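The values are calculated or read from the model by the stated rules, or taken from the named source; none is laboratory data. Everything quoted here is computed from the prediction, not taken from an experiment. No Cβ is skipped: glycine too gets one built from the backbone with ideal geometry, and neighbour counts run over all protein chains shown.
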Amino acid sequence: MTGARATRRQALFGGLCLCCLPTLGRAADAFSLDEVAPGVFVRRGPDAEATAENNDAIANIGFIVGRDGVLVTESGGSLADGHWLRAEIAKRTSKPIKYVLLTHVHPDHVFGAGAFQGDAPTFVGHAALRGALDARGDFYRQRLVEILGAERTGPVVYPTLEVKEPAEIDLGDRTIRLTAHGTAHTNCDLSMLDTGSGLLFPADLLFVGRIPSLDGSLLGWLREIERLKGMGAAAAVPGHGPVRVEFAPAIADLARYLTVLRDETRAAVAAGRPIEAAVRTVAQGEKDRWSLFETYHGRNVTQAYQELEWE
Amino acid sequence: MKRLLLALSLTLSAAALAPAPVRAGATDSDEERAARWTEIKKSIFGDRTVEASETAVKIDAPARALDASLVPIGLTLADKDQVKGLYFIIDDNPSPYAARFSFGPAADPGEIKLRVRVNNYTNVHAVVETKDGRLLESAKFVKASGGCSAPMGMSDEEAMKGMGEMRMKFSGDPQGGKPVEATLMVRHPNFSGMQMNQVTRDYTPARYVDKLDVTYGDKLVFHLEGDISIASNPVINFAFVPEGKGPVTVAATDNQGGRWEHRFDVPSASN
Ligand SMILES: [Zn+2]
């Protein structure tokens, strides 16, 4: 692991791509947290699918230590993953866990929440998260139980603070600015900006290295990218990818993928090319730029096609 | 889950079928699959003989679905002048009988495309009914899971938007009675009855396009009977022979009394 750690350190400060890091087979207990800014700790999720071995610990999760307490930036992909994070927090601070962010409905971002229920924090989510969890929570839970078993999966936890308009959380020495986004990656994406470090946490509105997955609106995502750019952050903690990246080039890569996806899907629709042909041809130039391309790209084209064929 | 499937099989068209056991599809043996198909055939065709024919109808489907709730299916019919009807069946779906086309005099039934949901690792079957009453089947194995129960959007309200709206795109040259290819798009959630409703915390009742007629002028192109296995916002590719005067008319109903009709002018060759 030493070599991988060194590489990650370099990437942290050099902005290098981490998608070639040999993380796929790594066991959950071998994970570690990086202090990406003073008081800000992030664990890199590997570019993998949920498996029995990895506890669905595939997203970048972590926490921010403020003067008055701790804010969990992402809860984890399972109860087991959440417990791991809970234990890591306890190793570093005895301050109370006051907030847990549920950045959107996807299982790799919300099923860790159960591990924090004992702390009775405020669970913060987008105003549309409750509805999305109602629609999908049980479905996701059953899928995850099939992989991990019920005990390691955990419950569906609902937000206790629902964000619609821009909001702020005061941790004493640092303020967290929350933004509830329009339908983009999903219909309930919540991003935050930590004024203490200047770091932007776009959650899954920013994928780096790992292919983005489209589950909301392609056109909406491109709009929200412009909004993220307007926040003026120099560095960000993406939902998937290295634990800290330079924001401008990272968001430019994502915008390029989504733009090519949009333009080539539109062209396919206009040419009367059916969906099954479009999934084989659209945005194939992006193939070598993303990990898990084969797993998710065709599905992204399917989603984009359904959205754009009605334009 | 099992209880739900039982309830569904009583209310939907494949009423006589026992529900597929949960998670059976991925591990079933060939014998079990064959037995299931025999059972399905009996419920749909009774005692009629269904002959295997790889050539009468060719199924184009992904071996592994990219998106189980939208699996594109292409059906190519060899002897199209002899075709009277076409059945499409997804053996291990909760309601396997997905679609039945009956072709009319204005049809050119050489190729049909549609989008379906696939809930499990399953055989899919296409059966052609010829004008002289023969039934010819072919099969393909598709790996997919969860296509029927997968939540569609994040809200039912969103999914119902614009219900009944339709579009039609034409390609090919509508000259001298040559076949014209058309793509019909229908806005309709086609709720499968297995998706959770966010407000009531209950399953959204099945609501799907059950009958759809496409005519050219006063001649039938096809009549379609559909079911919950058709993907939301149904899209159907077909061809017709533009003899005489148009327009193309599409009349659709759903199982909850919804009724929609739209007319489309075929672009003239002079354009
Ligand atoms: Zn996500």
Item checked: Lone unmet requirement of (1) within 13 Å of chain B (Cβ to nearest Cβ); (2) buried (at least 16 other Cβ atoms within 10 Å of the Cβ); (3) assigned to a helix (DSSP H, G or I); (4) free of Cβ contacts under 8 Å to residues at least 24 places away in the same chain for A:Glu264 -> (1)
Next item on the list: Of the numbered conditions (1) in a helix (DSSP H, G or I); (2) of a type in the set (A, V, I, L, M); (3) closer than 20 Å to A:Ala120 by Cβ, A:Val72 fails exactly one; give the number of that condition.
Entry: (1)
Next item on the list: Residue by residue through the stretch A:92-105, note down the ones that are in a strand (DSSP E or B) and away from the ligand (no atom under 15 Å from the Cβ).
Entry: A:Ile97, A:Lys98, A:Tyr99, A:Val100
Next item on the list: Evaluate the stretch B:60-78: report whether one residue or more is away from chain A (no Cβ under 14 Å) and outside any strand (DSSP E or B).
Entry: yes
Notebook entry, point to check: Quick one: how many residues across the stretch A:111-142 are part of a helix (DSSP H, G or I) and either within 14 Å of chain B (Cβ to nearest Cβ) or away from the ligand (no atom under 16 Å from the Cβ) (or both)?
Noted result: 20
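Hey, among A:Ser217, A:Ser213, which residue is out of contact with any strand residue (DSSP E or B) (no Cβ under 7 Å at 6 or more places or on another chain), within 14 Å of another protein chain (Cβ to nearest Cβ), within 16 Å of the ligand (Cβ to nearest atom) and under 18 Å from A:Gly45 (Cα atoms)?
On the way: A:Ser217 fails: under 18 Å from A:Gly45 (Cα atoms).
After applying the criteria, what remains is A:Ser213.
Hey, among the residues in the stretch A:66-99 that are over 20 Å from the mean Cα position of the chain (by Cα) and β-branched (Val, Ile, Thr), which one's surrounded by the fewest Cβ atoms within 10 Å (Cβ to Cβ)? Walk me through how you get there before you give the answer.
First, pick out the residues of the stretch A:66-99 that are over 20 Å from the mean Cα position of the chain (by Cα): A:66-69, A:87, A:90-98.
Checking the rest, the ones that are also β-branched (Val, Ile, Thr) come to A:93, A:97.
Working: A:Thr93: 15, A:Ile97: 22.
That would be A:Thr93.
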Check: Can you tell me which residues in the stretch A:143-173 are surrounded by 16 or more Cβ atoms within 10 Å (Cβ to Cβ), within 14 Å of chain B (Cβ to nearest Cβ) and aliphatic (A, V, I, L, M)?
Finding: A:Leu144, A:Ile147, A:Val156
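How many residues, within the stretch A:15-53, are at negative phi, among the small types (Gly, Ala, Ser) and at pLDDT 95 or above? If you could, list the steps in order and put the result at the bottom.
Restricting attention to the stretch A:15-53, the residues satisfying the condition of being at negative phi are A:16-38, A:40-53.
From the residues that got through so far, the ones that are among the small types (Gly, Ala, Ser) too are A:25, A:27-28, A:30, A:32, A:37, A:45, A:48, A:50, A:52.
Then drop every residue that is not at pLDDT 95 or above, which leaves A:37, A:45.
Total meeting the criteria: 2.
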Notebook entry, point to check: Can you tell me which residue in the stretch B:80-121 is farthest from B:Asn190 (Cα to Cα), limited to those that are within 14 Å of chain A (Cβ to nearest Cβ) and part of a strand (DSSP E or B)?
Noted result: B:Glu111
Notebook entry, point to check: Looking at A:Asp56, A:Asp108, which one is away from every other protein chain (no Cβ under 14 Å), at positive phi, within 16 Å of the ligand (Cβ to nearest atom) and acidic (Asp, Glu)?
Noted result: A:Asp56
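So, A:Glu276, is that one crowded, with 19+ Cβ neighbours inside 10 Å and either within 14 Å of another protein chain (Cβ to nearest Cβ) or in contact with a Lys or Arg (Cβ under 6 Å, 6 or more places away or on another chain) (or both) or not?
Numbers: crowded, with 19+ Cβ neighbours inside 10 Å: yes; either within 14 Å of another protein chain (Cβ to nearest Cβ) or in contact with a Lys or Arg (Cβ under 6 Å, 6 or more places away or on another chain) (or both): yes.
The answer is yes for A:Glu276.
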Checklist line | Condition check for A:Arg130: more than 30 Å from A:Pro249 (Cα to Cα), free of Cβ contacts under 8 Å to residues at least 40 places away in the same chain and of a type in the set (D, E, K, R) | finding: yes
Next item on the list: Search the stretch A:279-311 for residues being away from chain B (no Cβ under 13 Å) and free of Cβ contacts under 8 Å to residues at least 24 places away in the same chain, and hand back the single one that is farthest from B:Pro62 (Cα to Cα).
Entry: A:Asp288
Note to self: Just to be sure I understand, how many residues within the stretch B:53-90 are within 16 Å of B:Phe141 (Cβ to Cβ), surrounded by fewer than 15 Cβ atoms within 10 Å (Cβ to Cβ) and at pLDDT below 95?
What the structure shows: 3
Next item on the list: From (1) in a loop (DSSP other than H, G, I, E, B); (2) in contact with a strand residue (DSSP E or B) (Cβ under 6 Å, 6 or more places away or on another chain), pick out the condition that doesn't hold for A:Ile89.
Entry: (1)
Note to self: Here's a check for you: in the stretch B:198-218, which residue that is within 14 Å of chain A (Cβ to nearest Cβ) and buried (at least 17 other Cβ atoms within 10 Å of the Cβ) is modelled with the lowest pLDDT?
What the structure shows: B:Gln198
Check: Looking at this structure, is A:Ala184 more than 16 Å from the ligand (Cβ to nearest atom), within 14 Å of chain B (Cβ to nearest Cβ), modelled with pLDDT of 95 or more and in contact with an Asp or Glu (Cβ under 6 Å, 6 or more places away or on another chain)?
Finding: no
Item checked: B:Val116 surrounded by fewer than 23 Cβ atoms within 10 Å (Cβ to Cβ) and among the β-branched types (Val, Ile, Thr) -> no
Check: What is the residue count in the stretch A:279-293 for residues that are surrounded by 21 or more Cβ atoms within 10 Å (Cβ to Cβ) and assigned to a helix (DSSP H, G or I)?
Finding: 1
Notebook entry, point to check: Is it the case that A:Pro242 is touching a helix residue (DSSP H, G or I) at 6+ places or on another chain (Cβ under 9 Å), more than 16 Å from the ligand (Cβ to nearest atom) and in a loop (DSSP other than H, G, I, E, B)?
Noted result: yes
